[in-house]
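A.B. asks: My questions will all concern the structure given below.
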Amino acid sequence: MNMSKSTSYSDLLTHIDQKTLEYHRNSHSLILFYKYMYNMGPINIEEMFLFHNNEYDLRGYNKLHQPIIYSRFMHRLYHDITSRSWNNLPDPVRRAPYLNVFKLLLNNVNLTTGVKCNCNFCT
């Protein structure tokens, strides 16, 4: 690529038009969760997630219950990362009717800085 060794990671990613590893990990976990929701993927992750049961729609469609985190280790588990990422997705992305549409819409969402968490470890 004819770049110096001191070139930053973000500059290299911009140069080759790629997204970060964090983005890829988050997107793959969300795709796996989407497949589970629509019976296209593994059902063994069913007990990891709990949907909010509201009688009416309050600012969000298919929001997941956020687990309470007590340690840094638990903060990095699949269900915690996926539930935070899923809840921070825009409604049109969560309501995508097909997997290909979901992937296309997910590609336009910034998953690295869009995940908001108010726990003691992130703030």
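The values are calculated or read from the model by the stated rules, or taken from the named source; none is laboratory data. Remember, predicted model here, so these are calculated numbers, not experimental data. Counting neighbours? That spans all protein chains shown, and the Cβs are built from the backbone with ideal geometry, glycine included. With ligands, DNA and RNA removed, areas are computed over all heavy atoms of the protein, side chains included. Shrake-Rupley method; radii C 1.70, N 1.55, O 1.52, S 1.80 Å.
A.B. asks: In what order, largest first, do THR7, THR14 sit by accessible area if the probe radius is 1.4 Å?
C.D. replies: Sorted descending by solvent-accessible area, the residues read THR14, THR7.
A.B. asks: Any chance you could look up the accessible area of MET40 with a 1.4 Å probe, heavy atoms only, rounded to 10 Å²?
C.D. replies: 100 Å²
A.B. asks: While we're looking at this one, here's another question. Can you give me the % of accessible surface on the stretch 1-48 that is carbon or sulfur? Probe 1.4 Å, all protein chains present, nothing else counted.
C.D. replies: On the stretch 1-48, the fraction of accessible area on carbon and sulfur atoms equals 54 percent.
A.B. asks: To continue, here is another question. Given a Förster radius of 30 Å and the C-beta distance between LYS5 and ILE31 as r, what FRET efficiency does 1/(1 + (r/R0)^6) yield to the nearest 0.05?
C.D. replies: 0.30
A.B. asks: Rounded to the nearest 10 Å², what accessible area does TYR98 have for a 1.4 Å probe in the complete protein model?
C.D. replies: Per-residue accessible area (TYR98): approximately 150 Å².
A.B. asks: Then there's this: Assuming R0 = 30 Å, can you tell me the calculated FRET efficiency for the pair MET40 and LEU13, based on Cβ-Cβ distance, to the nearest 0.05?
C.D. replies: Step by step, r from the Cβ atoms, then E = 0.50.
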